[in-house]
């Protein structure tokens, strides 16, 4: 038996002072004092982590508001939100051993996903079942493509809906299906979307037995293709076109989870990134990027287009599991409450502003409490790990043109913000690093913006072009919770 020190924030030895001040700090596995306790770990598997862990190390999740009981993984997945309206967070996050990273460049994305999942969930789900869950979900790649010198794009649009949210939605659907196979219950998923989540969830859960899906999206504030992706499937998937903003959609979903009448009638679950099963799989591709670029021997800087901040939170989870990262960049549009927090220390939610990068039009990011905790719990510690930048629509369009004219590479508006954030931030660092910007959606999902920006037509993948001819089926909905509740109960 070898011994490793496991601390949820990557610290061994004494906990930093700011952790001792929190009511429910992250802690070491089995720690009963201020110091990390050495935990006996069984011999490592081929993936480089322990195959079995003590019972007390099985995943338990607590609410960020600390007013709800701890729950198991299955409870957290199906509850979505704790009763106190916080967010579920794992009590501890395992640190993967060096041997995993030594051989990571020999692993495929699906093998990396299985390794990471097993480290997190391996005592909650038997190994064979866990493998099936991962293999059903991760059926596509996340290639790392060179764009400029020392600059790479992590393409996350190779799944069914051609957006990064396929990772989370398909993994969540696969995990829920596993849990539902053991019971006879049915669930009703409520999800708010500012663009890509709806299409990914619709695709991921379409025809899944025992699951009904209702998707809320802001009228006129998603692209034509995004709207068709979530309004043309039918079956167990219903779309509600809300006369408001994404923040209104998100509020309706949150209120539904807290409503006693709805919870009494339905087994409600959320498929937004507030659900922990959406967050975990988004860490996979950060490990994959490192695996493909490890041979360069340079520190990595990740620039993440950010709206609800689940994507960036997942990256910091990967970092806390041991992924070598020099810095993260939170790249946003005019909805810049988090970049403002990073520069001033003040977090002040505001009404969302409509932009060309619509999936990031979020004025009150739900995952901010998670990012704050994962970043160390205080402004100074988060700021050391994450830089914040934001750009206007004009700057976004200029970035799209610049990269296309110089390299021929086409970027959607969200990706363009990440590219510009990476370039501007790395230029100030004066360090020899490798930059990775995340491409969260295929550019063709934003045809009017792309063609207006470039002054020419752009190629459209056949599967997206076919969507435009399909009839839209959506139910109009107001922003009043009473109307939404009546619809669900009707």
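Nothing in this text is a laboratory measurement; each read-out follows from the coordinates by a stated rule. Quantities reported herein were computed from a predicted structural model and do not represent experimental measurements. For neighbour counting, all protein chains shown are included, and Cβ atoms are generated from backbone atoms with ideal geometry for every residue, glycine included.
Using a Förster radius of 30 Å, what is the FRET efficiency between residue 475 and residue 394 based on their Cβ-Cβ separation? Nearest 0.05, please.
0.25
Testing the spin-label approximation: label points 7 Å from Cα along Cα→Cβ at residue 124 and residue 84. State their distance in nm.
For residue 124 paired with residue 84, the spin-label model returns 1.9 nm.
Checking the a/c ratio against 1.5 first, then a/b against b/c, what shape does the Cα gyration tensor give for the range 250-357?
It is oblate, given that a/c is not under 1.5 and a/b is not larger than b/c.
Within the range 139-162, find all residues whose amide N lies under 15 Å from a label point positioned 7 Å from the Cα of residue 108 along Cα-to-beta-carbon.
Within reach of a label on residue 108, which here means backbone N under 15 Å from a point 7 Å along Cα→Cβ, the range 139-162 contributes 139-143.
To the nearest µm²/s, what D does Stokes-Einstein give for the range 356-437 at 25 °C and 0.890 mPa s, using the Kirkwood radius over alpha carbon pairs as Rh?
For these conditions, the coefficient is 170 µm²/s.
Test of understanding: ordering 125, 400 by Cβ neighbours within 10 Å, fewest first, what list do you get?
125, 400
Note down the nm distance, to one decimal, between modelled labels 7 Å out along Cα→Cβ at residue 243 and at residue 186.
3.1 nm
Does a label point 7 Å from the Cα of residue 99, set along Cα-to-beta-carbon, have any residues of the range 285-321 with amide nitrogen under 17 Å, and which are they?
Within reach of a label on residue 99: no residues.
On a C-alpha basis, how far is the centre of the range 69-117 from the centre of the range 318-365 in Å? Whole number, if you could?
22 Å
Report which label in (i) 1.07; (ii) 1.09; (iii) 0.94 holds the value of Rg/Rh (Cα atoms, Kirkwood Rh) derived from the coordinates of this structure.
(iii)
Between the range 450-490 and the range 369-416, how far is it from one alpha carbon centroid to the other, in angstrom?
25 Å
Need one number: nm distance between label points at residue 486 and residue 148, each 7 Å from Cα along Cα→Cβ, rounded to one decimal.
Calculated label separation equals 5.4 nm.
From the square roots a ≥ b ≥ c of the eigenvalues of the alpha-carbon gyration tensor of the range 427-490, which class results: rounded (a/c under 1.5), prolate (a/b over b/c), or oblate?
oblate
Given the rule -39500 (n - 2.57) for each run of at least 4 DSSP H residues, summed and divided by the residues of the chain, what is its mean residue ellipticity at 222 nm, to the nearest 500 deg cm²/dmol?
-11500 deg cm²/dmol
By how many nm would the segment from residue 132 to residue 67 lengthen if fully extended, with 0.36 nm per residue of separation less the alpha-carbon distance?
Separation in residues times 0.36 nm, less the Cα-Cα distance, equals 19.9 nm.
By how many nm would the segment from residue 350 to residue 75 grow when fully extended, if each residue of separation counts as 0.36 nm and the alpha-carbon distance is taken off?
95.8 nm
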